[in-house]
Amino acid sequence: MRPATPDDAAEISRLRSAFVLYEPLDQEWLDRTRDHLAERLGPAGDARAYVVDAPTGGLAACALGLIHPVLPAPRYPKGLAARIHIVATDPAYRRRGLARAAVSALLDHLTRDGVTLFELHASKEAAPLYGEFGFATEPALMRMTRLSPAPGEGRS
């Protein structure tokens, strides 16, 4: 387990594409994601990640959080939130506690950075893991998504 560096951006992007997204990204988007993430993982960036190196090269697992400002409130007085954006483990390395270790290290790091509000979207399979870290569903909230049309795409 180690903190990610900008050099890990390609592998984090690969894990996200292969094991988190509904549809894998093509090479153009993998490259764009890598470049974007590498910058955000830099010293002035807002991304924090922990990774586990695979013995054969590449990454076996990762957990990535993105820090963003929010208006302060009594439960998050510093006005810093983090969205746990990616938690992924290559199938060859699952059931070894790698995701748990990566999430634990990430949450500890984010807490040291002053984050007091943590958000994530969890699959039913992963929900028990996040429950171990104190995440709970918010019955008053409903996830809604709105995507802007791509350039040249009309609204229907």
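Longest exposed-loop-site-free stretch of the chain, with chymotrypsin sites (Phe, Trp or Tyr not before Pro), DSSP loop and at most 16 other Cβ within 10 Å?
In short, 23-132.
I'd like the carbon and sulfur percentage of the solvent accessible area for the chain, probe radius 1.4 Å, heavy atoms only, ligands and nucleic acids excluded.
Of all accessible area on the chain, carbon and sulfur atoms account for 54 percent.
With a 10 Å radius around each residue's Cβ, average the other Cβ atoms per peptide and rank 55-61, 7-13, highest first.
Ranked from most to least packed, the peptides come out as 7-13, 55-61.
What FRET efficiency, computed as 1/(1 + (r/R0)^6) with R0 = 35 Å and r the Cβ-Cβ distance, is obtained for Glu23 and Arg75, rounded to the nearest 0.05?
Details: r = 36 Å, r/R0 = 1.03.
Given R0 = 35 Å and the Cβ-Cβ separation, E is 0.45.
Sequence-distant or interchain residues sharing an amide H contact under 5 Å with Gly79, placed H: which?
Ala73
Choose one of Pro74, Leu106, Ala61: the residue whose Cα lies farthest towards the positive end of the charge dipole of region 14-156 (beta-carbon charges +1 Lys, Arg; -1 Asp, Glu; about the Cα centre).
So the residue furthest toward the plus end is Pro74.
Provide the per-residue ³J(HN,Hα) series for region 103-113, in order, calculated from phi with Karplus coefficients 6.51, -1.76, 1.60 and θ = phi - 60°, each as a whole number of Hz, with x at glycine and proline positions.
Whole-Hz 3J(HN,Hα) from phi for region 103-113: 5, 4, 4, 5, 4, 4, 4, 4, 5, 4, 6.
Give me the dipole magnitude in Debye, nearest 20, for region 7-128 about the Cα centre, with unit charges on the beta carbon: positive for Lys and Arg, negative for Asp and Glu.
600
Would you mind working out the accessible area per residue for the chain, using a 1.4 Å probe, and quoting it in Å²?
66
For Cα pairs less than 8 Å apart in space and 6+ apart in sequence, what is the mean separation divided by the residue count of the chain, i.e. the relative contact order in percent?
Relative contact order for the chain comes out at 19 percent.
Normalised by the residues of region 1-78, what does the relative contact order come to in percent, with Cα pairs under 8 Å and at least six apart?
Working: 93 pairs, mean separation 24.4, N = 78.
Computed value for region 1-78: 31 percent relative contact order.
The values are calculated or read from the model by the stated rules, or taken from the named source; none is laboratory data. Here the structure is a predicted model, which means the values were calculated and not measured. Cβ coordinates were reconstructed from backbone atoms using ideal geometry, including for glycine residues, and neighbour counts include every protein chain displayed. Ligands, DNA and RNA are stripped out before the accessible areas are found, and what is left, the full protein with its side chains, is counted by its heavy atoms. Shrake-Rupley method; radii C 1.70, N 1.55, O 1.52, S 1.80 Å.
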